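Peer 1: Attaching a single structure in structure tokens format; questions to follow.
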Amino acid sequence: MPVRETLRGGARTPLDDEADVLVCGASFAGLAVARELRACGADVLVVDRYEIGERQTSACAAPTAWLVNLGLEEAILQTFDEIVVHTARATVRWPVPYTFSTFDYRVCCEALWAQCGAARFEIAKIEGRGAAGAGPIGVAADRGILRAPLVVDALGWRRVLGRGVQPPEAPLSRGLEVHPSGSGDAMELWIDRAVVPAGYGWSFPAASEVRVGIGSYDPRHHVKQDTLDLVEHTRREPVGYQGNWIPHALRPGTEEGIFFAGDSAGHCIPTSAEGIRTAWYFAIACGRELREVLAGRRDRAEALRRYDAFTAAHAWKFDAMLRLQWLVPRMPPPVLGAIVAASGRQPLGDFLWEHYLRIAPPDFALPAPASAPASAASDPGAAAA
Ligand SMILES: Cc1cc2nc3c(=O)[nH]c(=O)nc-3n(C[C@H](O)[C@H](O)[C@H](O)COP(=O)(O)OP(=O)(O)OC[C@H]3O[C@@H](n4cnc5c(N)ncnc54)[C@H](O)[C@@H]3O)c2cc1C
């Protein structure tokens, strides 16, 4: 078991704090919310149970444009312009009209944090919420009570500040991967029932290591043996395990006065389980709403309503991907193989990839101009049309 960088024993002093904005969770979603608030002069408190960048939560592959637009180039380890897909029948190459990059989680989080201006950071374990009302919302942490009128749950799939969603009944997938040292040229996927009955396997090279794992859409299916089998097949070492649940259905973007962004709101694309850029995307939208409240141009109730509407406007895209997730494991292998092969051919391939990128487009990440007219700056969906 790795020893995580956190506060232990006497260092876990009592914490009784009040801020303008409390961001719970300091991974992709939480840091993107705080980054969006960097220039608004508010007191922003970010809380996580570990140090920033301490616990890698994924294989860390994302469209390169997202990393570049967020100013995270220094985290990029390796870039790919195609994906090699293995099905039961054949291996095909999917050329992608843009690139994906694997990146270093710690460097990424530290670079995001460096863009969060005067935001404060504390290590604490969030345990639940206090009463909601017109005034500050209380949040219970293991070190004390934290209060803020604006609270964001960016705590991942557990949605600690909302109503419980527990596996295996909850709409969650399972993900498990290993990180052996090594190298490779190709980003590879296995969409093959012999590898995992419902889901897919992956091998993502990242400079000096390769991230090999299995995602199962069926939360009851344990993925350890499938992961070990894929690791053996790729002739790698089963070392450096990391796994987690992955939400595959949208959840409400707000609940009882609290904003939810990233996995806590189910902002992870079904079928692909890609949740990093969507965590950034919805967190930016959330941050833009909070900014308007802090500037006095909107009240919290209006911001909650607008953010909910923004999330809901994307529901059809997530629903379509969820239907695909249901369909893929049920397709006869020859049909699946034919569809995978056709998806690699032009112009269909480019068409599909461009639409896939538009679920959370990278141009959303560009910083809002400092003196933007209120109407342009205040529309979280301006770039998402
Ligand atoms: C094995 C695996 C591989 C994946 N690979 C990819 C990939 O390559 N590309 C991709 O786009 N997506 C991938 N995903 C999905 C992706 O990891 C998530 O969608 C993404 O991490 C969501 O970001 P988030 O900020 O919402 O939540 P998280 O990244 O889960 O962050 C939650 C944060 O909250 C903190 N926290 C949690 N509970 C508490 C608490 N009680 N108190 C205080 N702090 C707490 C955690 O320490 C963490 O910092 C993968 C998922 C898995 C499981």
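The values are calculated or read from the model by the stated rules, or taken from the named source; none is laboratory data. Only a predicted model underlies this, so the values are computations on that prediction, with no experimental measurement involved. Because the Cβ atoms are built from the backbone with ideal geometry, glycine has one as well, and the counts that use them run over all protein chains shown. Heavy atoms of the whole protein, side chains included, go into the accessibility calculation; ligands, DNA and RNA do not. Shrake-Rupley method; radii C 1.70, N 1.55, O 1.52, S 1.80 Å.
Peer 1: Which longest run of the chain has no exposed loop site in it, a site being GluC sites (Glu not before Pro) in a DSSP loop with at most 15 other beta carbons within 10 Å, and the site itself not part of the run?
Peer 2: On the way: sites that count: Glu5, Glu169, Glu256.
Formally, the longest exposed-site-free interval is 6-168.
Peer 1: Report the label-to-label distance for Arg8 and Ala315 in nanometres (one decimal), using points 7 Å from each Cα along the Cα→Cβ vector.
Peer 2: For the pair Arg8/Ala315, the computed spacing is 4.6 nm.
Peer 1: Counting other C-beta atoms within 10 Å, and keeping those with at most 16, which DSSP coil chymotrypsin sites (Phe, Trp or Tyr not before Pro) do you find in segment 195-269?
Peer 2: Values: sites: Tyr200, Trp202, Tyr217, Tyr241, Trp245, Phe259, Phe260; in loops: Tyr217, Tyr241.
Filter output for segment 195-269: Tyr241.
Peer 1: Let me ask something else. Defining a contact as two alpha carbons under 8 Å apart and six or more residues distant in sequence, what relative contact order in percent does the chain show? Provide the component values of the computation, followed by the final result.
Peer 2: Details: 824 pairs, mean separation 72.3, N = 385.
Relative contact order for the chain comes out at 19 percent.
Peer 1: OK, next. Ignoring the sites themselves, what is the longest stretch of the chain with no trypsin sites (Lys or Arg not before Pro) in a DSSP loop and at most 10 other beta-carbon atoms within 10 Å? Don't skip to the end; give the middle numbers.
Peer 2: Values: sites that count: Arg8, Arg163, Arg220, Arg235.
The longest such stretch corresponds to 9-162.
Peer 1: Report the calculated FRET efficiency for Val107 and Ile339 (r = Cβ-Cβ distance, R0 = 45 Å), to the nearest 0.05. Could the numbers behind the result be given before it?
Peer 2: Numbers: r = 37 Å, r/R0 = 0.82.
About 0.75, to the nearest 0.05.
Peer 1: Now, a different point. Taking the chain as the reference, fit the longest principal axis to its C-alpha atoms, fit the long axis of helix 300-313 to the helix C-alpha atoms, and give the angle between the two in degrees, 0 to 90, nearest 10.
Peer 2: 10
Peer 1: In whole percent, how big is the carbon plus sulfur part of the accessible area of the chain, probe 1.4 Å, protein atoms only? If you can, show how the numbers build up before the last one.
Peer 2: Values: 8890 of 16000 Å².
Here it works out to 56 percent.
Peer 1: Turning to a different aspect of this structure: Might you tell me the accessible area per residue for segment 279-362, computed with a 1.4 Å probe and given in Å²?
Peer 2: Values: 3920 Å² over 84 residues.
Heavy-atom accessible area per residue stands at 47 Å².
Peer 1: What is the helix-to-structure angle for 105-114, meaning the angle in degrees between its Cα long axis and the longest Cα principal axis of the chain, kept from 0 to 90 and rounded to the nearest 10?
Peer 2: So the inclination is approximately 30 degrees.
Peer 1: Find how many whole Å separate the alpha carbon centroid of segment 295-318 from the alpha carbon centroid of segment 152-224.
Peer 2: 29
Peer 1: Per-residue ellipticity at 222 nm for the chain, helices alone: DSSP H runs ≥ 4 residues times -39500 (n - 2.57), over residue total, nearest 500 deg cm²/dmol?
Peer 2: Values: 10 runs with 106 residues, N = 385.
That calculation yields -8000 deg cm²/dmol at 222 nm.
Peer 1: Hey, what D do you get for segment 55-204 in µm²/s if you plug the Kirkwood alpha-carbon radius into Stokes-Einstein at 25 °C and 0.890 mPa s? Intermediate values should be presented prior to the final figure.
Peer 2: Values: Rh = 18.9 Å.
Calculated translational D: 130 µm²/s.
Peer 1: Remind me, relative contact order of segment 1-83 in percent, using alpha carbon pairs under 8 angstrom and six or more residues apart? If you can, show how the numbers build up before the last one.
Peer 2: On the way: 56 pairs, mean separation 24.3, N = 83.
Contact order relative to length: 29 percent.
Peer 1: How long are the semi-axes of the equivalent ellipsoid of the chain, defined as square roots of 5 times the Cα gyration tensor eigenvalues? Whole Å, largest first. Please report the intermediate quantities before stating the final value.
Peer 2: Working: eigenvalues 239, 108, 75 Å².
They are 35, 23, 19 Å, listed largest first.
Peer 1: Once you place label points 7 Å from the Cα toward the Cβ at Arg193 and Asp218, how far apart are they in nm?
Peer 2: 1.0
Peer 1: So, in nm, how far is label Tyr50 from label Glu237 when the simple model puts each one 7 Å beyond its Cα toward the Cβ?
Peer 2: 2.1
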